[in-house]
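The values are calculated or read from the model by the stated rules, or taken from the named source; none is laboratory data. What you see is a predicted model, and the numbers here were worked out from it, not measured in a lab. All Cβ positions, even for glycine, are placed from backbone atoms using ideal geometry, and neighbour counts span all protein chains on display.
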């Protein structure tokens, strides 16, 4: 029995449980909605795995699942996030991102048009980052057991063997650079979710970060550590690094940029922008004598315009982050105890 | 605010949205329920990615998401499946599995004890396979937006450069070996789901397949192609390979083993065992003059006891699978058109 002929085309159709069967419907879903956006020789081979060409350097491996709601938000969507998020995790070790996997958990009833839009966005994001989506998987769960689309991406990058960018490299005297204003992604998603409107449109900062990192390396900056500011925001990233590195940081509140729209939305919703998720911002720990050159490099890339030095690594042996306000008063920053913004990425 | 002191330990507790925040609760979840089962130096580093040591050979990359229900079934559970499934995808290219990622999508309300059981099972399965779980991610979705636990694993293996095991290598005259009886995994899950009981207990065949593959290679068998028989079962795997390879296969129904319990359950539920999922069975295409040695190798491993030659690649140029019954009558096998058993893996 071949069902290709009697059934109508999938236009206007929805995801059915049969699309997850591994059979004829699965094949058609991949052929119509997925493969056209990930056009490369690995996908064409129809394997369950991808054999990659040899690359020079150490292999770096990472993964993230994405469950953001809504699927589309100002400045991005779940597909773009799934590519940039994993590319950024690779970039934060100094690796050059090369290959991604893409695994979908679809909810029965999802319009195929929505899936196609998300896959098209993933394809465009992968092209922008110069990465190939080489292997994947699709599962379908019943209505009420998912939420439209969940996406997992795993990523492989290569790292020049001379590079060690990690918390253990953070040294007293290092300066902490922040790559732009904070809180845009979390507040753009929340504003869309809550139906808030602002005078100036609030867009997610969702962006790939591998290029600015590469530019810093190419300029000879001795990056000691990098961290992207995703869930938990700037504060959580700083606290985690202070603990992992066993160092004390002093950060100046007045030097941390936030835009009017983020401050307004945070006040309205009772949120602290220091804990709001970003998807295109990072902090970099660099030697004090390289701060000016590093900021000049970052300023030259649209993704990192507005970078600032926001603090330093002290000689203190407490694993903590001191936040100094404009009046010189100091308080300690802590991790977010529970949840501020669920389903933000 | 530090919440470590005032709150009780997580014993008897459930997953809350805060466990997905990236903050204090996330840390505690990982520390208590996840990390103890994946003990290695990468996990200890607390990075968002894992930098892997250099390995000889080509890198092979794959991914699968697991949404099986129920989470625990006779002969396995979602954690074991998530390790073996990805290990098997690597093994089917002839690669030696080395590293896995583990990304969790947890539903609010999941008992932490359940998570711990699943993670413990993943850890044991990884140890059995000699793979390391080196990087991961955890997201939490609201009640009614998931189903307990969904797990994604991506896998990295290495392949000896002289090996090319893929559909394009299938040749006329090749013999098709099947590594054991079929239908156990799908019927064990369905029996648990439907509350069926049998005289002889029906267990999933869920098992890692990298060792028998390695044994075949070590014995000098020129494996042309391998495919594990997951969703869609034996029939779907055969049809897909016939189409991808552009070859015609002739398969003898009487040589395909099924156990009494599987046949009984299939009859009761109106299912065809040829389309029922397996999680520890594969087919191998080998030259006719190596069949006896290959079967001897397979017979020596508990995972592949009961292997059989079930058919051949004909010289025909139609991309199809002919099933010959015990009386010599022939019919064509097709892919499963829709869904037979949803959420089977």
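Which of (1) touching a residue at least 24 places away in the same chain (Cβ under 8 Å); (2) more than 22 Å from residue B:277 (Cβ to Cβ); (3) within 14 Å of another protein chain (Cβ to nearest Cβ) does residue B:154 not meet, given it meets every other one?
In the conditions (1) touching a residue at least 24 places away in the same chain (Cβ under 8 Å); (2) more than 22 Å from residue B:277 (Cβ to Cβ); (3) within 14 Å of another protein chain (Cβ to nearest Cβ), residue B:154 misses (2) alone.
With the requirement that a residue be outside any loop (DSSP other than H, G, I, E, B) and more than 7 Å from chain A (Cβ to nearest Cβ), what does the range B:59-75 give you? Give the steps one after another, and end with the answer.
Step one: list which residues in the range B:59-75 are outside any loop (DSSP other than H, G, I, E, B), which gives B:59-66, B:72-73.
Passing the criteria: B:66, B:72, B:73.
Got a number for residues in the range B:316-343 being more than 9 Å from every other protein chain (Cβ to nearest Cβ) and farther than 14 Å from residue B:274 by Cα? Spell out the reasoning first.
From the range B:316-343, those more than 9 Å from every other protein chain (Cβ to nearest Cβ) are B:316-333; that's our starting set.
Now restrict to residues that are farther than 14 Å from residue B:274 by Cα: B:316-320, B:326-330.
Number of matching residues: 10.
Quick one: is residue B:61 closer than 25 Å to residue B:12 by Cα and at pLDDT 95 or above? Talk me through it step by step, then tell me what you get.
Numbers: closer than 25 Å to residue B:12 by Cα: no; at pLDDT 95 or above: yes.
Answer is no for this residue.
With the condition being touching a residue at least 60 places away in the same chain (Cβ under 8 Å), within 20 Å of the chain's Cα centre (by Cα) and surrounded by 20 or more Cβ atoms within 10 Å (Cβ to Cβ), I'd like the strands (runs of 3 or more DSSP E) fully within the range A:239-326 carrying at least 2 qualifying residues. Give the steps one after another, and end with the answer.
Details: elements: A:249-252, A:282-286, A:308-313, A:321-324.
In the range A:239-326, A:282-286 are the strands (runs of 3 or more DSSP E) which contain 2 or more residues that are touching a residue at least 60 places away in the same chain (Cβ under 8 Å), within 20 Å of the chain's Cα centre (by Cα) and surrounded by 20 or more Cβ atoms within 10 Å (Cβ to Cβ).
Answer yes or no: is there a residue in the range B:76-84 that is in a strand (DSSP E or B) and touching a residue at least 40 places away in the same chain (Cβ under 8 Å). Don't jump to the end; show me each part of the working.
Start the filter on the range B:76-84 by keeping residues that are in a strand (DSSP E or B), which leaves B:76-77.
Applying the additional criterion that residues be touching a residue at least 40 places away in the same chain (Cβ under 8 Å) yields B:76-77.
There is at least one residue in the range B:76-84 that is in a strand (DSSP E or B) and touching a residue at least 40 places away in the same chain (Cβ under 8 Å).
Looking only at residues that are part of a loop (DSSP other than H, G, I, E, B), more than 10 Å from every other protein chain (Cβ to nearest Cβ) and within 25 Å of the chain's Cα centre (by Cα) in the range B:11-58, which one is surrounded by the fewest Cβ atoms within 10 Å (Cβ to Cβ)?
It comes out as B:39.
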